[in-house]
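Inspection log for the structure reproduced underneath, given as structure tokens.
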Amino acid sequence: MRICGTDAMSAPFFINQSINMKFKFLFLIISIFTFQFAFAQKTIKGVVTDASGSTPLSGATISVAGKAVATSDANGAFSIPCNGGNTEISVSFVGYGTVKYTVKDCDVNLQVTLNEAGSTLGNVEITATSNQNKSLLYQPASISKLNRAELNRSTGLFLDDAINTNVPGVIMQRRAVSSGQSFNIRGYGNGSGGTGRINSNFDGQGSKVYLNGIPITDAEGITVMDDIDFGSIGNVEVTKGPAGTIYGLAVAGVVNLKTIRPEKGKTSFTQDLMVGSYGLQRYTTHFAMGAERSSLLVNYGHQFTEGYTYHNNSEKDFVNVSGEFKPNDKQTVNMYIGYSKSYDQRIGELTLSQWANNDYTGNIDYVKRDGHAAMTSFRAGVSHTYNFCKSISNTTTVFGTGATINASSAGGWTDKDPLNYGLRSTFNTNFALGKGLTLSGITGVELQSQTAQTIGYTMVKDPRDPLAVWVYGTHYYWTIGAANSNKYTTSSTGSYFTEWTLALPKDLSVTAGIGVSNMRINLSDRLFANNQLPTRFDTAYKSMVSPHFALNKVFNKNFSAYVSWSKGYKAPTSSYFYIPFTGKLNNNLKPEVGTQFEIGTKGSLLNGKVNFQLAYFDAIFADKMSAVNVLNAAGTATLYTYLVNGGKQNDKGFEGI
């Protein structure tokens, strides 16, 4: 076994000086013939990697005159006989485009880089995997990936259009035109809102979302995507089911978003304009530069729409900058900086009667309180990849997010100022074990911390309004009243993981991994008004262990079959603990536990013209957190809500596309 190019042993040989002249002469003759044979049989040597040049591709096929003559080893290396003159060779690998070379000099070592193909299912590479081959065919999981063409089939501005059309088993919803986005993955939705929250029942829980490797999901497991410009997204990857082994607290699944990448060798400056129904206006300015070792993309945009009904305006301004730089063959640096300011009005929920009668006026208690969600945010992250050798590489990302959020609804007004920061570091390894066996793995850590102050207010009728009955368009909106809550929270999450894949002959692989997550939440009540309620509360959820086991088999490079079992967790959020109405503490909550068994197949038919994915899953979510409404004595109104671990949720079904 070789690690970073070092042989396990070497052996010198010695020539006995007492060999008689006859044997010396015989040895000389044999050496001359051996030298002549070696000279006549020169070899072409090379290394096959992906387009980044950092990931060797094991099992690539090297062909001469249309006939396969060799495959690359675990380090991507290969050698074939060179017959002199012009030797035509081609290099192919499942999921990548084939490249052809004319070799004129047998002594030159070839550096072969393959780009992802564009039509077959095998072209898809996933973000994080223990398998050395990142092609989707080699992943024992149900994963959907959308490219720019699929994202642009509608306006390209709202991600739910593409998700709901192209990803079976996943539903994406929006609370308003451009806010309150959340994913429902295989029946697992947003979780519960809790008490004293800003709007967590509208934001995502249970699944984790990343943008260019930066977690959008905060340290408590809440995902707010109001500030994300989905028009700048060029690639989406959805992993369905518990993904705690590699991603920590991801009981439902993971969504990886990546921004558009500039085309290599081109520099462009473009201006886009889009107008549409309901007053839609979208202006985007792009600057893109792609060089051999660097790329830079700068986007500025403004988006506005009046929405489909009254009090439904949406406005967003954004700037995002992404870049990739390769100072040398061993290092790659990626960076992302984003600023966004968004404002979305909300009309509240429709009643069944309103829906049946096409009445979209919504909830008047939302509208008169100027129901809305406003967010100003700044996100930044820097990622550094270092290739120690062909067998070991490390990618470390440091990131931070700061935001100012305010929202109003029928329940009042809430201000929240979160600051979230952390790092994610992974080591990717691959070793050739001999006899067609390779062992590859991913090992790493993700750490996040967040501080946030959340203040809640009542809302009262504007004293300037002389009329008793509020009517939209003729009266003042209600205004902010007295503060009724003031919570300061410090949250931290740590996830530690390792997963390994043993690649066997005949494209059979076995995967096993384990992740361990911990969460700690500290709350401070800064508006102490009830002697029964403690001013401070601290809790921790430790040793949430998430194993994963899987088996995958690829047949004829065209389709694969797999079986897998995985586990994940969702811990309670800070909004679950205080019950302001009673002045009591809800401190008996446990994390939800999700397990999933899955069996499936995926592949391509008719020479790549038809792609398919089929899967059966059985997911069980135990200790499910559910909201309990406590009514008044007459049973006509809800006094308060609290959370309990309410039992199990079993989601099972078939998916196909």
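The values are calculated or read from the model by the stated rules, or taken from the named source; none is laboratory data. All figures in this text were calculated on a predicted structure; none of them were measured in a lab. We place every Cβ from the backbone using ideal geometry, glycine too, and count neighbours over all the protein chains shown. Side chains included, ligands, DNA and RNA excluded: accessible areas come from the protein's heavy atoms. Shrake-Rupley method; radii C 1.70, N 1.55, O 1.52, S 1.80 Å.
Of the residues making up the stretch 563-571, one or more are among the hydrophobic types (A, V, I, L, M, F, W, C), closer than 30 Å to Gly434 by Cα, at pLDDT 95 or above and assigned to a strand (DSSP E or B).
Let's see how each residue does on (1) modelled with pLDDT of 75 or more; (2) part of a loop (DSSP other than H, G, I, E, B):
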residue	(1), (2)
Phe39	no, no
Lys45	yes, no
Ser63	yes, no
Asn83	no, yes
Lys100	yes, no
Asp105	yes, yes
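Filtered by the rule that a residue be surrounded by fewer than 24 Cβ atoms within 10 Å (Cβ to Cβ), aliphatic (A, V, I, L, M) and over 19 Å from Ser517 (Cβ atoms), the stretch 215-237 gives Ile233, Val236.
Pairing each residue of the stretch 239-256 that is without any contact (Cβ under 8 Å) to a residue 40 or more places away in the chain with any residue that is open to solvent by less than 10 Å² (accessible area, probe 1.4 Å), provided the two are 6+ apart or on different chains, yields no C-beta distance under 6 Å.
For the stretch 604-617, a residue qualifies if it is closer than 25 Å to Gly241 by Cβ and either in a loop (DSSP other than H, G, I, E, B) or modelled with pLDDT of 90 or more (or both), and the qualifying residues are Gln613, Leu614, Ala615, Tyr616, Phe617. Within the stretch 147-164, the set of residues being in contact with an Asp or Glu (Cβ under 8 Å, 6 or more places away or on another chain) and either modelled with pLDDT of 85 or more or crowded, with 22+ Cβ neighbours inside 10 Å (or both) comprises just one member, Ala162. In the stretch 426-458, the qualifying residues are those that are part of a strand (DSSP E or B), open to solvent by 20 Å² or more (accessible area, probe 1.4 Å) and of a type in the set (Gly, Ala, Ser), and the one that is farthest from Gly381 (Cα to Cα) is Gly434.
Table: residues versus (1) hydroxyl-bearing (Ser, Thr, Tyr); (2) touching a helix residue (DSSP H, G or I) at 6+ places or on another chain (Cβ under 8 Å); (3) assigned to a strand (DSSP E or B).
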site: Pro547; (1), (2), (3): no, yes, yes
site: Val593; (1), (2), (3): no, no, yes
site: Ala619; (1), (2), (3): no, no, yes
site: Val630; (1), (2), (3): no, no, yes
site: Tyr640; (1), (2), (3): yes, no, yes
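Of all residue pairs spaced 6 or more apart or on separate chains, those with beta-carbon atoms under 9 Å, a first member in the stretch 99-116 that is free of Cβ contacts under 8 Å to residues at least 24 places away in the same chain and basic (Lys, Arg) and a second member that is assigned to a strand (DSSP E or B) and open to solvent by 100 Å² or more (accessible area, probe 1.4 Å) are Lys100/Glu88.
Among the numbered conditions (1) under 23 Å from the mean Cα position of the chain (by Cα); (2) buried (at least 18 other Cβ atoms within 10 Å of the Cβ), the only one that Thr376 does not meet is (2). Residues that are in contact (Cβ under 8 Å) with a residue 40 or more places away in the chain and in contact with a Lys or Arg (Cβ under 6 Å, 6 or more places away or on another chain) do occur in the stretch 477-486. Of the candidates Gly348, Gly362, the single residue that is in contact (Cβ under 8 Å) with a residue 24 or more places away in the chain and in contact with a strand residue (DSSP E or B) (Cβ under 8 Å, 6 or more places away or on another chain) is Gly348.
Restricting attention to the stretch 286-333, which residues are under 20 Å from Asp226 (Cα atoms), among the hydroxyl-bearing types (Ser, Thr, Tyr) and touching a strand residue (DSSP E or B) at 6+ places or on another chain (Cβ under 8 Å)? The answer is Tyr300, Thr305, Ser314, Ser322. Please enumerate the residues belonging to the stretch 479-532 that are touching a Gly at 6+ places or on another chain (Cβ under 6 Å) and under 30 Å from Tyr457 (Cβ atoms). Result: Asn484, Ser485, Asn530, Gln532.
Based on this model, can you work out whether Ser560 counts as at pLDDT 90 or above and of a type in the set (Ser, Thr, Tyr)? Criteria met by Ser560. In the stretch 515-537 there is at least one residue that is closer than 30 Å to Leu57 by Cβ, assigned to a strand (DSSP E or B) and of a type outside the set (Val, Ile, Thr).
Pick from Phe597, Phe621: which is surrounded by fewer than 16 Cβ atoms within 10 Å (Cβ to Cβ), of a type in the set (Phe, Trp, Tyr) and at pLDDT 85 or above? Result of the check over Phe597, Phe621: Phe597.
Reported count of residues in the stretch 234-258, each being under 23 Å from Ile405 (Cα atoms) and modelled with pLDDT under 90, is 0. Answer yes if at least one residue in the stretch 107-120 is buried (at least 20 other Cβ atoms within 10 Å of the Cβ) and modelled with pLDDT under 80, and no otherwise. Yes, the stretch 107-120 contains a residue that is buried (at least 20 other Cβ atoms within 10 Å of the Cβ) and modelled with pLDDT under 80.
Would the stretch 524-531 turn up any residue that is open to solvent by 70 Å² or more (accessible area, probe 1.4 Å), among the basic types (Lys, Arg) and more than 26 Å from Ala407 (Cβ to Cβ)? No, every residue in the stretch 524-531 fails to be open to solvent by 70 Å² or more (accessible area, probe 1.4 Å), among the basic types (Lys, Arg) and more than 26 Å from Ala407 (Cβ to Cβ). For the stretch 634-657, a residue qualifies if it is over 29 Å from the mean Cα position of the chain (by Cα), open to solvent by 60 Å² or more (accessible area, probe 1.4 Å) and within 26 Å of Asn587 (Cα to Cα), and the qualifying residues are Thr638, Leu639, Tyr642.
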